[in-house]
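Participant: Once you've had a glance at the structure underneath, I'll fire off some questions.
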There are 2 protein chains.
Amino acid sequence: MAESWSSLDTAECNFRPLVVIELAKGTKEETIEWFTKRVVDKKTDGGAQLLIKPLVTENGHENIYLVGASHLRLLLGAETVGLVKECNDNSMRTFTYSSRKTFKDFADDNHSFLTMAECQYIIKHELENLRARNEKMIPGYPQAKLYPGKSIVRRLLTNGILVQIFPLHDREELKKLSHSWYGRVKVGYQPLDDIRCYFGETIALYFGFLEYFTFALIPMAVIGIPYYVFAWEDYDKYVMFATFNLLWSTVILEVWKRICAILTYRWGTLLMKRQFEEPRPGFHGVLGINPVTGREEPVYSSIKRQLRIYLVSLPFVCLCLYFSLYVMMIYFDLEQWALDYHKENESNFSSLVLYVPSIIYAVVIEIMNRIYRYAAEFLTSWENHRLESSYQNHLILKVLVFNFLNCFASLFYIAFVLFDMKLLRQSLATLLITSQILNQFAESLLPYWLQKRHNKRMKKRESSQKTDADLSLAEQVNMEKEMGTYLGTFDDYLELFLQFGYVSLFSCVYPLAAVFAVLNNITEIYSDALKMCRVYKRPFAEPTANIGVWQLAFETMSVISVVTNCILIGMSPQVDALFPDSRMDLVLTVALVEHLLLAVKFIMAFVIPDKPRDIQLKLDKLEFESLEALKQQQMKLAAESLKE
Amino acid sequence: MAESWSSLDTAECNFRPLVVIELAKGTKEETIEWFTKRVVDKKTDGGAQLLIKPLVTENGHENIYLVGASHLRLLLGAETVGLVKECNDNSMRTFTYSSRKTFKDFADDNHSFLTMAECQYIIKHELENLRARNEKMIPGYPQAKLYPGKSIVRRLLTNGILVQIFPLHDREELKKLSHSWYGRVKVGYQPLDDIRCYFGETIALYFGFLEYFTFALIPMAVIGIPYYVFAWEDYDKYVMFATFNLLWSTVILEVWKRICAILTYRWGTLLMKRQFEEPRPGFHGVLGINPVTGREEPVYSSIKRQLRIYLVSLPFVCLCLYFSLYVMMIYFDLEQWALDYHKENESNFSSLVLYVPSIIYAVVIEIMNRIYRYAAEFLTSWENHRLESSYQNHLILKVLVFNFLNCFASLFYIAFVLFDMKLLRQSLATLLITSQILNQFAESLLPYWLQKRHNKRMKKRESSQKTDADLSLAEQVNMEKEMGTYLGTFDDYLELFLQFGYVSLFSCVYPLAAVFAVLNNITEIYSDALKMCRVYKRPFAEPTANIGVWQLAFETMSVISVVTNCILIGMSPQVDALFPDSRMDLVLTVALVEHLLLAVKFIMAFVIPDKPRDIQLKLDKLEFESLEALKQQQMKLAAESLKE
């Protein structure tokens, strides 16, 4: 047994390339030698104990390396990263090598016990945790300083010696997945478990949320249709619709937490312990002692960071928001001017002029969005967050606020300053539909065209089928390394977030929004799937237990929508007519209803448990077992001590 | 060494009585024999391995037993309950017997390493975890069924065989504590650490909160005084005061969380793992398998419980609330009638009649409160909660809502229906001051009188100083077992909660409320301390990491107070005068300000971290260390496996 392990460990024939490392052209030989040695070195010698192999292509050596690991190494790595897997008794447990036999589908020769995405995640984790020992710098690059405990790969990345690390696609699996996912037109759920096996939990959870959200919108859409068809304008019907919408949006967000718990329990990430987070690559500071780890690493004063956030970033964001509002006011002036112009000289030209302000505004907003995005990234980077998660949260918050304002400020202005419900409905429809069409174009038609091109290239390659298996791997690597990098689920969630805003903020004015959202999301699933499978490099799997800050963002939006909807209903002429004597009573009634609705929302959020009962029971059971195990251990000790 | 342990284990001379068990008069001999044997039995034989001794008094044997434990047994028990103690390197760690040498102040002969309260808590825990093995019933009581794993002490309690268990006072310590706590009039903080050592964390945290809350009210009181002295009635001053109050109340509640974290970190309870909770004594159901523990125990359908809560308890509570409102309306009618009567026949008698409605109402409210309290306890008990914590939460919620309505409904009515600000201020002052005087009487004068009597009795005893030490212990036990039982911090927190309501809900109408609250709380500290030390039995220590549901209750109150204060300011004639043209604008402005304040509140609660940075760092460090330890273990394993 032990024999076969050690032979597996080094056997080249069993080498399965999992991760690609691209070094910069012209990297010094001594650096490469040192780095590959560190990757291969035994754990006891401070190495990562992985396998690494240069990729040999027709053009010879290109500084591209393939990284793999023995089956045993991966299992031990799975224990290190704390993977949670299903046991034979259907419970989920943290995988340990010593208890491996108790896990479902485990066999020493079953190499599919760990999914490929998990293997790649393990390798990434091991590479990132390859730490400097006594090296003061990267050999060959005296400017790339090292200190004991510094992650070597992170230093190589920040110094540009390491260009990129990415996991390889598995073309067989990808084909199967894409067929069951979007290959055929069918009614049914997405293969979320397969997506998770291939792309990891973060992406699977996004698609899970997208699908869930689409289903959740259907009732709103169904109820919204008759309003359009029969052109209902009665006050009571609108109130009913809005009330339903508000409570419904609370319910769906609460229920999502439960579904999310079910999914991530099944995937094991709900139970996964939070790993200690390393400083993010861009983090810099004076070398000091980290108070948590006791390791030497750059330290940056948290007070300085707070000052940067509150004295620079916050005012900057406020200024940008103000500027954005200012631009919006100019747009409304232009609009008015165009209308006046059209009225004065009614001609074909003048009716064209009518569209000019909208077009200019759309272009300006797009430009502002892009500039702001850069500024936000720069600022958040400058704030010098130690953790990637903290960086992401601050970036998301900045971008979210700005996008929210850009998308909805004009609608708020129309609704609550101009009091023009017809214009509101019209603008809402225009904004919603054009943004959806634009997004679909950028996300669906573009990828489709790319796939066509890709297919053609594939066909070309297949015609020269004589190339051996290894060359085909080289081709695959070369092709994949040129593909774009998927930058995370941020933009996808943002799109959904804004859509949720269009649907819920003014739902009582434009009930049809939900219908468009549902239609859009159905194609969105397909286009996003295509994008993941065909357009981008395979991303590393990221274990996650929830959708994080987005849950909060959606919940905030649903609170804001209570306020907007109550005001809209209060302003409608039908409701106005109910209080002929006093507009005071109207306003007070609206305020009362709004507060009641908010109270009901909070109570509902409080009362609905975040985890379904059976998941909670399973979690309790696990906790109880670990407590009992501890107690047993102590009982033994106690018995021994007292026996003496 | 081992010798000395085992001699300590049984040495009668070292027996230190910690906990008193009182069995019912006439308990069968065989039951007593079986029970004491189980208490003394070795852990390996399923016993608790404690020491138990009957209390011999002048009247002979009275079914009162003293329980103690050897020093070693207590240390092992400390590990079982998961006590967290300070180490030599000033970090807090979970105590384990094997690592005992690393803890501060630990020495094998230092018996004060564990405080007496901790020892008593450990003994209580061990007694409650003394479980039936194969016994089908309690010997001598065939109706008291047992099943494997059932807590014996709980069964004895529910069957009335065991009358009570309580921890003994330590008169030396108590004297020292009461001297430093309330013995002398001084300006300074309470000895919270000593209180915690003597009474445990729950009670120390209550006194910590009471003290903190009093200090937090001082700024409000200081700002409130000039309003009274100079009779300020300007609108802008009121707005300033109310705005300050609202933000201040958010800040103090957030800062309390931080202070609470500092305290409970120092006491070790912040790090204590949640223990698995046993079913509460009153819980009943069909014998089944607990899905979490796999043990046989009564099981009760959670759906049935939900039905009972939502179909019976909820409607009942609503009915009670309605009834309470109805009674309030009758009171206002009576009040009106008395006023009319007084106007018609102005005489001494008629001016006395003026007080009648208030008196009747106060009495009726008191009666209703008591009846409702019984009903709530009955209903919550009938809901059959499995856990004591869940029972407590449901009971607190029921009582809280009712008390809130009883206290504040009349004020709300006066403020928002009658619009009578003068009457509001008058009622607020009357309610606040009378409730404080009544409470002070019940909590301070009564205990003072009791203490006087107690002192007299003490003096009598001391004059007959010839009694030996053992008899004095017997006397102490006999005296303490007759003392009242402290029923927990519920009523004390409720009092503070209602006081917070008086101070914050209508703060802009009656700024002097904070002054009265501060004055009351200063005496409250003394009277509560007296109550704990002199009036009640010593309670068992309860480790806790926060004030639990009360934090939520106070936060909810501070949200409600934003709404009420905004409305009050909006209704004030000064503000009214600012919007001479349109009351609409006034209402809209008020609504806008209210929403902004609420938003600021939520953002502040979100931005202020719940734990101070240094505590958070310490927690992170602990987590990191445990992760590292795990990794080291795995590395070793990996090295071994790969070496083979």
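Participant: Can you tell me which residue is modelled with the highest pLDDT among those in region B:507-564 that are charged (D, E, K, R) and part of a loop (DSSP other than H, G, I, E, B)? Step through it out loud before you land on a result.
Facilitator: Pass one, region B:507-564, residues charged (D, E, K, R): B:524, B:528, B:531, B:534, B:537-538, B:542, B:555.
Okay, now just the ones that are also part of a loop (DSSP other than H, G, I, E, B), so B:537-538, B:542.
Values: B:Lys537: 88, B:Arg538: 91, B:Glu542: 87.
Of everything passing the filter in region B:507-564, B:Arg538 is modelled with the highest pLDDT.
Participant: In the list A:Ser351, A:Ser389, which residue meets the criterion of being in contact (Cβ under 8 Å) with a residue 60 or more places away in the chain and loosely packed, with under 15 Cβ neighbours inside 10 Å?
Facilitator: A:Ser389
Participant: Return the residues of region B:470-489 that are among the hydrophobic types (A, V, I, L, M, F, W, C), open to solvent by 30 Å² or more (accessible area, probe 1.4 Å) and either free of Cβ contacts under 8 Å to residues at least 24 places away in the same chain or more than 16 Å from B:Arg453 (Cβ to Cβ) (or both); say none if nothing qualifies.
Facilitator: B:Leu471, B:Leu473, B:Met479, B:Leu487
Yes/no per residue for (1) on the phi < 0 side of the Ramachandran plot; (2) under 15 Å from the mean Cα position of the chain (by Cα); (3) surrounded by fewer than 20 Cβ atoms within 10 Å (Cβ to Cβ):
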position	(1), (2), (3)
B:Ala545	yes, yes, yes
B:Phe554	yes, yes, no
B:Leu578	yes, no, yes
B:Met584	yes, no, yes
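Participant: When you check A:Ala474 against the structure, is it at pLDDT below 85, small (Gly, Ala, Ser) and in a helix (DSSP H, G or I), yes or no?
Facilitator: So A:Ala474 fits the description; yes.
Participant: If a residue has to be within 19 Å of A:Cys119 (Cα to Cα), more than 14 Å from chain B (Cβ to nearest Cβ) and surrounded by fewer than 16 Cβ atoms within 10 Å (Cβ to Cβ) to count, how many in region A:23-82 make the cut?
Facilitator: 1
Participant: Which members of region B:164-202 meet the condition of being β-branched (Val, Ile, Thr) and either modelled with pLDDT of 90 or more or under 30 Å from B:Leu271 (Cα atoms) (or both)? Spell out how you get there, then give the answer.
Facilitator: Kept after step one, since they are β-branched (Val, Ile, Thr), are these residues of region B:164-202: B:165, B:185, B:187, B:195, B:202.
If the condition is that a residue be β-branched (Val, Ile, Thr) and either modelled with pLDDT of 90 or more or under 30 Å from B:Leu271 (Cα atoms) (or both), then B:Ile165, B:Ile195, B:Thr202 are the ones that fit.
Participant: Looking at B:Ala545, B:Ala553, B:Ala541, can you tell me which residue is closer than 20 Å to B:Glu211 by Cβ, in contact (Cβ under 8 Å) with a residue 12 or more places away in the chain and within 14 Å of another protein chain (Cβ to nearest Cβ)?
Facilitator: B:Ala553 is the lone residue from the list that is closer than 20 Å to B:Glu211 by Cβ, in contact (Cβ under 8 Å) with a residue 12 or more places away in the chain and within 14 Å of another protein chain (Cβ to nearest Cβ).
Participant: Moving on. Just checking, does region B:323-332 include any residue being within 14 Å of chain A (Cβ to nearest Cβ) and either more than 30 Å from B:Ile161 (Cβ to Cβ) or open to solvent by 70 Å² or more (accessible area, probe 1.4 Å) (or both)?
Facilitator: no
Participant: Follow-up. Tally the residues that are within 13 Å of chain B (Cβ to nearest Cβ), over 14 Å from A:Leu596 (Cα atoms) and touching a residue at least 60 places away in the same chain (Cβ under 8 Å), restricting the search to region A:556-565.
Facilitator: Count: 1.
Participant: Might you check whether a residue that is open to solvent by less than 50 Å² (accessible area, probe 1.4 Å) and touching a Ser or Thr at 6+ places or on another chain (Cβ under 8 Å) occurs anywhere in region B:165-175?
Facilitator: Yes; the residues of region B:165-175 include at least one that is open to solvent by less than 50 Å² (accessible area, probe 1.4 Å) and touching a Ser or Thr at 6+ places or on another chain (Cβ under 8 Å).
Participant: Further, regarding this structure: Scan region A:81-105 for residues that are β-branched (Val, Ile, Thr), within 17 Å of A:Lys273 (Cβ to Cβ) and free of Cβ contacts under 8 Å to residues at least 24 places away in the same chain and jot them down.
Facilitator: A:Thr96
Participant: Six or more apart or on different chains, Cβ atoms under 7 Å: show the pairs whose first residue is in region B:599-616 and closer than 30 Å to A:Thr293 by Cβ and whose second is at pLDDT 90 or above and open to solvent by less than 60 Å² (accessible area, probe 1.4 Å).
Facilitator: B:Ile608/B:Glu254; B:Asp610/B:Lys257; B:Asp610/B:Ala261; B:Lys611/B:Ala261; B:Pro612/B:Ala261; B:Ile615/B:Ala261; B:Ile615/B:Tyr265
Participant: Considering region A:87-100 alone, what residues qualify as being within 14 Å of chain B (Cβ to nearest Cβ) and surrounded by fewer than 15 Cβ atoms within 10 Å (Cβ to Cβ)?
Facilitator: Matches in region A:87-100: A:Asp89, A:Asn90, A:Ser91, A:Ser98, A:Ser99.
Participant: Could you give me the residue pairs with C-beta distances under 7 Å whose first residue belongs to region A:568-594 and is assigned by the TED database to the domain that holds A:Trp232, whose second residue is acidic (Asp, Glu) and open to solvent by less than 60 Å² (accessible area, probe 1.4 Å) wherever it lies, and which are 6+ apart or on separate chains?
Facilitator: Here the result reads A:Leu586/A:Asp576, each pair linking region A:568-594 to a residue that is acidic (Asp, Glu) and open to solvent by less than 60 Å² (accessible area, probe 1.4 Å).
Participant: Evaluate the following for B:Leu568: is it open to solvent by 40 Å² or more (accessible area, probe 1.4 Å), part of a helix (DSSP H, G or I) and either within 14 Å of chain A (Cβ to nearest Cβ) or at negative phi (or both)?
Facilitator: No; evaluated as a whole, the condition is false for this residue.
Participant: Quick check on region A:253-299: of everything there that is of a type in the set (Gly, Ala, Ser) and modelled with pLDDT under 85, which residue is farthest from A:Gly548 (Cα to Cα)?
Facilitator: Among those residues, the one meeting the criterion is A:Gly288.
Participant: Determine, yes or no, whether A:Leu586 is away from chain B (no Cβ under 14 Å) and part of a helix (DSSP H, G or I).
Facilitator: When the stated conditions are applied, A:Leu586 does not pass them.
Participant: Taking helices (runs of 4 or more DSSP H) that do not extend beyond region B:347-461, which have at least 3 residues that are at pLDDT 85 or above and either under 28 Å from the mean Cα position of the chain (by Cα) or not assigned by the TED database to the domain that holds B:Asp333 (or both)?
Facilitator: B:356-382, B:388-416, B:421-440
Participant: So, in region A:303-322, exactly how many residues are surrounded by 12 or more Cβ atoms within 10 Å (Cβ to Cβ) and either within 14 Å of another protein chain (Cβ to nearest Cβ) or assigned to a loop (DSSP other than H, G, I, E, B) (or both)?
Facilitator: 6
Participant: Tell me, yes or no, whether region B:134-156 has at least one residue that is within 27 Å of B:Phe554 (Cα to Cα) and not in a helix (DSSP H, G or I).
Facilitator: Within region B:134-156, the subset within 27 Å of B:Phe554 (Cα to Cα) is none.
No - not one qualifying residue is present in region B:134-156.
Participant: Do we have any residue at all in region B:104-112 that's modelled with pLDDT of 85 or more and either over 26 Å from B:Thr544 (Cβ atoms) or within 20 Å of the chain's Cα centre (by Cα) (or both)?
Facilitator: Scanning region B:104-112, I find no residue that is modelled with pLDDT of 85 or more and either over 26 Å from B:Thr544 (Cβ atoms) or within 20 Å of the chain's Cα centre (by Cα) (or both), so the answer is no.
Participant: Determine whether A:Leu130 is closer than 23 Å to A:Gly200 by Cα and open to solvent by less than 20 Å² (accessible area, probe 1.4 Å).
Facilitator: Details: closer than 23 Å to A:Gly200 by Cα: yes; open to solvent by less than 20 Å² (accessible area, probe 1.4 Å): yes.
Spelling it out, A:Leu130 is indeed closer than 23 Å to A:Gly200 by Cα and open to solvent by less than 20 Å² (accessible area, probe 1.4 Å).
Participant: Is it the case that A:Tyr228 is open to solvent by 10 Å² or more (accessible area, probe 1.4 Å) and under 30 Å from A:Pro511 (Cα atoms)?
Facilitator: yes
Participant: Give me the pairs: first residue in region A:187-207 and on the phi > 0 side of the Ramachandran plot, second residue not aromatic (Phe, Trp, Tyr), beta-carbon distance under 8 Å, and six or more apart or on different chains, which are they?
Facilitator: A:Gly200/A:Ala117; A:Gly200/A:Pro539; A:Gly200/A:Ala541; A:Gly200/A:Glu542; A:Gly200/A:Pro543
Participant: Please determine, by comparing only the residues of region A:271-302 that are within 14 Å of chain B (Cβ to nearest Cβ), free of Cβ contacts under 8 Å to residues at least 60 places away in the same chain and not in a loop (DSSP other than H, G, I, E, B), which one is nearest to the chain's Cα centre (by Cα).
Facilitator: Across region A:271-302, the extreme among qualifying residues is A:Ser302.
The values are calculated or read from the model by the stated rules, or taken from the named source; none is laboratory data. What you see is a predicted model; the values in this text were computed from it and never measured. Because the Cβ atoms are built from the backbone with ideal geometry, glycine has one as well, and the counts that use them run over all protein chains shown. Surface accessibility is based on the protein's heavy atoms, side chains included, excluding ligands, DNA and RNA. Shrake-Rupley method; radii C 1.70, N 1.55, O 1.52, S 1.80 Å.
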